[in-house]
Amino acid sequence: MNVSRINTVTEFILLSFPCSREVQVLLFVLFSVSYILTLMGNGAIVFAVKLDHRLHTPMYTLLANFSFLEMCYINTTVPSMLRNFLSETKTISFTACFLQFYFFFSMGITETFLLPLMAFDRYLAICRPLHYPTIMSSHLCMNLVGLCWVTAFLCYPVPIYFITQLPFCGPNTIDHFVCDPGPLLALSCIPAPGIELSCSILSSLIIFITFFFILWSYTLVLRAVLRVPSAAGRSKAFSTCGSHLAVVSLFYGTIMMMYISPTSGNPAGIHKIVTLLYSAVTPLVNPLIYSLRNKDMKTALRKIQMFTKTGQSKQELMSGPRS
C-alpha cells in the first residue's frame, strides 16, 4: 500500500503555550517586543559591517552573515508563534508545517556550520597571523559562507520527504510551538523507527562534528594565547574569542539537549523551553554579546546612531578615522 494515499490530516494544531487568554495576550506582547529587538539588533550589526570600511574583514563578514542568519532563523518560528497566541484555532496546514520544519532545521544547521567557520577564522588570525591575510581572503571567506548555506539546505530534504510519506490519520495536535520531528513522528499512525533513527544520527553527526571542530580550534588558540608574553596581548586575544565562545555555549548547550535524542521521553514543556532558548532567546542576546565586547563594533554602531540622529552623509559614515 502507498501510505501517502491514506493521509487524512490536512492541518495540524500547534498548542504552543496553553494558558488563559490574558496570559496569551501578555506573551504576545512580550515576544513581539523580543522579536522586534532581535531584528533591530542583528540588523544593526549587518548595517554597521556593510557601511564601515574598517569592518570589511573576514571576521566581521562572518559576523554579519551570522547576524543575517539569526534574522532569518527567528522568522521561521516567531511569526507563527505570535499568530497562534491570538488565534482561536492555532492551526497550520500540512504543507506549511513541513516547510517550517525544513527552513527551521536548515537555518539551524547553517548556524552549526557558521560557528566552526568563525572559530577557524579566529584560529588562523591568532595561531597563523603572518599567513592569515593570504589564507583567509575575502573571496575565500565568501565562498566558505556560501558553502555553509548550500550544504545546510541540502541536509534535510530527503528525511523530510520520507516523513511526509508517513500516514497521519489523527490526532493532529502537536504539543509544541514549532513543527518539530519528535512530535511529528509521534503523530504517525505507524511506527517509523528507521526514520527516527536516521534523523537522530544525522543531527548527532552534524552537532558533534562541528562542536569538536570548535573545541579543537579553541584548544590550539588557547595554547597560542598562553605563549604570548604580553598580558595586554593575551587579554586582547581572549576578548576577541570570548564573544564567540559565549554564543557557542548558548547554542550548542541547548541543541544538544534537544536533537541528540529527539524522542527521549522528556516532558513536552521542557522541549518547548529549550527550543525557545536557542530559536528565540539566543538570536536576541547575540547582538548584545558581540557589540558589548567588541570596541570596533561599538564604534561602528555609535556612528550609525549619529547618522540616524544627525543625518550625516553616508560617505562620512563609511570613512575611517582621520589621522
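Per-structure values
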quantity: Residue in the stretch 116-128 that is in contact with a helix residue (DSSP H, G or I) (Cβ under 8 Å, 6 or more places away or on another chain), under 28 Å from Leu215 (Cα atoms) and open to solvent by 50 Å² or more (accessible area, probe 1.4 Å) present; calculated: yes
quantity: Candidates His176, His271 - the one that is under 26 Å from Pro79 (Cβ atoms), buried (at least 18 other Cβ atoms within 10 Å of the Cβ) and at pLDDT below 85; calculated: His271
quantity: Candidates Thr263, Thr254, filtered to the one that is closer than 21 Å to Phe208 by Cβ and at pLDDT 80 or above; calculated: Thr254
quantity: Tally of residues being over 9 Å from Tyr35 (Cβ atoms) and surrounded by fewer than 18 Cβ atoms within 10 Å (Cβ to Cβ) across the stretch 76-87; calculated: 3
quantity: Test: residue in the stretch 100-112 that is in contact (Cβ under 8 Å) with a residue 24 or more places away in the chain, in contact with a Leu (Cβ under 9 Å, 6 or more places away or on another chain), in a helix (DSSP H, G or I) and of a type in the set (A, V, I, L, M); calculated: yes
quantity: Helices (runs of 4 or more DSSP H) fully within the stretch 117-235 counting 2 or more residues that are within 28 Å of Thr254 (Cα to Cα) and in contact with a strand residue (DSSP E or B) (Cβ under 9 Å, 6 or more places away or on another chain); calculated: 181-186
quantity: Residue ID - nearest to Cys72 (Cα to Cα), chosen from residues in the stretch 113-130 that are of a type outside the set (A, V, I, L, M, F, W, C) and touching a residue at least 12 places away in the same chain (Cβ under 8 Å); calculated: Pro116
quantity: Residue that is farthest from Tyr278 (Cα to Cα) [pool: residues in the stretch 62-75 that are buried (at least 21 other Cβ atoms within 10 Å of the Cβ) and in contact with a Leu (Cβ under 7 Å, 6 or more places away or on another chain)]; calculated: Leu62
quantity: Residue in the stretch 20-61 that is surrounded by the most Cβ atoms within 10 Å (Cβ to Cβ), counting only those that are among the aliphatic types (A, V, I, L, M), more than 25 Å from Cys241 (Cβ to Cβ) and in contact (Cβ under 8 Å) with a residue 60 or more places away in the chain; calculated: Leu51
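Let's see how each residue does on (1) out of contact with any His (no Cβ under 8 Å at 6 or more places or on another chain); (2) closer than 28 Å to Ser16 by Cβ; (3) of a type in the set (D, E, K, R); (4) surrounded by fewer than 14 Cβ atoms within 10 Å (Cβ to Cβ):
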site	(1), (2), (3), (4)
Asn143	yes, no, no, yes
Phe153	yes, yes, no, no
Phe168	yes, yes, no, no
Cys189	yes, yes, no, no
Gly194	yes, no, no, yes
Ser200	yes, yes, no, no
Phe213	yes, no, no, no
Ser235	yes, no, no, yes
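The values are calculated or read from the model by the stated rules, or taken from the named source; none is laboratory data. For clarity, every value in this text was computed on a predicted model and none was experimentally measured. Methodologically, a virtual Cβ is constructed for each residue, glycine included, from the backbone with ideal geometry; neighbour enumeration extends over all protein chains shown. Keep in mind that these areas ignore ligands, DNA and RNA; they rest on the heavy atoms of the full protein, side chains included. Shrake-Rupley method; radii C 1.70, N 1.55, O 1.52, S 1.80 Å.
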